[in-house]
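Let me begin by presenting the structure, written as structure tokens, before commenting on it.
The values are calculated or read from the model by the stated rules, or taken from the named source; none is laboratory data. None of the values given here were measured: they were computed from a predicted structure. Glycine also receives a Cβ, built like all others from the backbone with ideal geometry; neighbour counts cover every protein chain displayed. Side chains included, ligands, DNA and RNA excluded: accessible areas come from the protein's heavy atoms. Shrake-Rupley method; radii C 1.70, N 1.55, O 1.52, S 1.80 Å.
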Amino acid sequence: MMAMLKDRLLERGLITNDRLAEAVEITRRTHASLPSVLLERHMVREVDLLPVLGDIYGLEFIRLRDAAIEPLAVKTVSAKLAAHYAVMPIRLRGNLLTLAVADPLDVAASEDIETNLGLQVERVLACRPEIIEALRRHYGVGAETVERILAAAGNMPEEPSTAETSHDLEKMAEDTSVVKLVNQLLQEAIQNRATDIHFEVYRDGVILRRRIDGILYDASLHENIRLLYPAIISRIKLMSGLNIVERRMPQDGRARVSVGVESYDLRISIVPAIHGEDVVVRILPAAMVFDLGQLGFSDTQLRGLQKYAETPHGIIFVTGPTGSGKSTTLYACLSQLNSRVRKIITIEDPVEYEMRGITQTQVNPKIGLTFAHALRSMLRHDPDVMLVGEVRDRETAEIAIQTAMTGHLVLSSLHTNDAAGAAVRLMDMGIDPYLITSTVLVFTAQRLVRVLCPDCRESYMSDGKRLYRGRGCRTCNQSGYRGRMAISELLPLVPEIAALILARASASAIRAKANELGMATMAADGWEKVERGLTTAEEVLRVTTI
């Protein structure tokens, strides 16, 4: 068979004579099979090798990602068995089960299924990554672990009783199988670039959702994971130093995990719900590189932000709703300013990313450490630059303005829909227009749009214009998008804008004057990115329509 494989590979031009001779020599030394050597050394792609092997062994090769997989076939084979052998059941016709395998020489799974389930097995070849992906999609994340735990422990209670002690719950949370299951859930989410994981419990089961590029997607779970939900929650509480017995009050905690060589900070929020406790885990890379040039700003806006960030005193306000990337922009500005010649202090709620060389303080209203109180105290710490996570009230706004007037650069955020509305928002708080025009350097507003996946982006014509869309592929989880970028607008307080603020003009009047002066709006920035094929019209409309 090896001679036939070598001939077919050379006939199809999949490998050179020299590389093939090298692979054969490796098989001689290591006693490994030729196909495994070819794949492990990346000499031939699996998608090219498997059709050749299929011809030799009389097995059909399929692209599993495009195949229709029958639920009945999935239910026939346990998750534990399918995961153990890395095979995927596809269809069941009477007594004939079609099974996708990656290795034509490995018949152990077929023999096991035929012996234990009394079925006849028909094998087809499929790429191993597609089999793994199908296992996750149809059985659920960590399905084999769930089955193993339930098989070992028998029936478990749906909720811990109030009589259970801290020791009982801690023992449950430290069970190695439960630890493995929670690790699998976290690792799967991180590998899929999720920023948040939502655990939600209902009367009829548990739902797991992951926020990827700003959108929530349901994740597939084993149908019996509801029985393990209390153990999962106890494990998460234990990881984050929370009270594992308390189930009536909200709790917030932190943890750090490693996936491969990367470390991630987890922010955990637990709230009581009708049928148990709901959990949201925010995933933050422990080591983030913040660079204004990588956030998607246009050249004009990027130069403007960089210029204002280097101003010795004044206020830069970044505005937008929750989830619009304000914190990332502020951190990128701080990263540009962070040097040994400047003292930088931040006051945040909460501290999202740790930055070396910067003093970071988290507010704690329970003990009276509000933004205003912290800001007043930090002024005695000899800062050059201060970041105030958010201006929420008049007191904080007044102290931020006083800080800027006494020779400090202040960076902060406001919750407004656009840049023009930021000045009006400050006036509504009771801030004198003169103080606004005297201290504020620029108002910038932004949103985040999803970026078209580079692996499946395709062009099409619409009304005589060439536009782009994402077809959907494995790289982007069939969404057509991968990653996000900012669309934004900058409103500097030039004399014409300052005059309108002094006159207490409306946001619409300020916006109209800004447009007259040539300010590029967020929508215009978005449409420019649509024309460049970076995003879609649907995305721009989704985030700019108020």
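Observations on the model:
- Options Ser234, Ser269; residue that is open to solvent by 40 Å² or more (accessible area, probe 1.4 Å) and within 29 Å of Lys366 (Cβ to Cβ): Ser269
- In the range 360-400, the qualifying residues are those that are touching a residue at least 24 places away in the same chain (Cβ under 8 Å) and assigned to a strand (DSSP E or B), and the one that is farthest from Ala422 (Cα to Cα) is Val385.
- Evaluation of Thr76 against (1) β-branched (Val, Ile, Thr); (2) under 22 Å from Ala151 (Cα atoms); (3) in contact (Cβ under 8 Å) with a residue 60 or more places away in the chain; (4) surrounded by fewer than 18 Cβ atoms within 10 Å (Cβ to Cβ) (one fails), failing number: (3)
- Filtered residue count, the range 277-289, keeping only those that are over 17 Å from Gln191 (Cβ atoms) and either under 16 Å from the mean Cα position of the chain (by Cα) or open to solvent by 20 Å² or more (accessible area, probe 1.4 Å) (or both): 5
- Of the criteria (1) modelled with pLDDT under 90; (2) open to solvent by 40 Å² or more (accessible area, probe 1.4 Å); (3) farther than 28 Å from Arg209 by Cα; (4) not basic (Lys, Arg), which one Gln306 fails: (1)
- Residue tally, condition in contact with a strand residue (DSSP E or B) (Cβ under 8 Å, 6 or more places away or on another chain) and either of a type in the set (D, E, K, R) or in a loop (DSSP other than H, G, I, E, B) (or both), over the range 462-488: 10
- One residue stands out among those in the range 243-262 that are in contact (Cβ under 8 Å) with a residue 24 or more places away in the chain and charged (D, E, K, R): the one that is least open to solvent (accessible area, probe 1.4 Å), which is Arg247.
- Test set (1) in contact (Cβ under 8 Å) with a residue 24 or more places away in the chain; (2) surrounded by fewer than 17 Cβ atoms within 10 Å (Cβ to Cβ); (3) more than 19 Å from the chain's Cα centre (by Cα) - Tyr217 fails condition number: (3)
- Enumerated strands (runs of 3 or more DSSP E) restricted to the range 87-129, each holding at least 1 residues that are open to solvent by 10 Å² or more (accessible area, probe 1.4 Å) and among the acidic types (Asp, Glu): 120-125
- Scanning the range 110-145 for residues that are of a type in the set (A, V, I, L, M), within 29 Å of Cys473 (Cα to Cα) and out of contact with any Lys or Arg (no Cβ under 9 Å at 6 or more places or on another chain) turns up Val124, Leu125, Ile131, Ile132, Leu135, Val141.
- Taking the numbered list (1) assigned to a strand (DSSP E or B); (2) surrounded by fewer than 19 Cβ atoms within 10 Å (Cβ to Cβ); (3) not basic (Lys, Arg) in turn, Ser438 passes all entries but (1).
- Any chance Leu227 is open to solvent by 30 Å² or more (accessible area, probe 1.4 Å) and assigned to a helix (DSSP H, G or I): yes
- Selected residue [surrounded by fewer than 15 Cβ atoms within 10 Å (Cβ to Cβ) and at pLDDT below 90] from Gly368, Gly389: Gly368
- Among residues of the range 314-343, those that are assigned to a loop (DSSP other than H, G, I, E, B), open to solvent by 10 Å² or more (accessible area, probe 1.4 Å) and closer than 19 Å to Leu414 by Cβ, counted: 4
- Under the condition of being in a helix (DSSP H, G or I) and under 16 Å from Asp106 (Cβ atoms), the residues counted in the range 26-36 number 3.
- Cβ-Cβ under 9 Å pairs, at least 6 apart or on other chains, the range 296-312 side in a helix (DSSP H, G or I) and polar (S, T, N, Q), far side at pLDDT below 90 and loosely packed, with under 13 Cβ neighbours inside 10 Å: Gln306/Gly293
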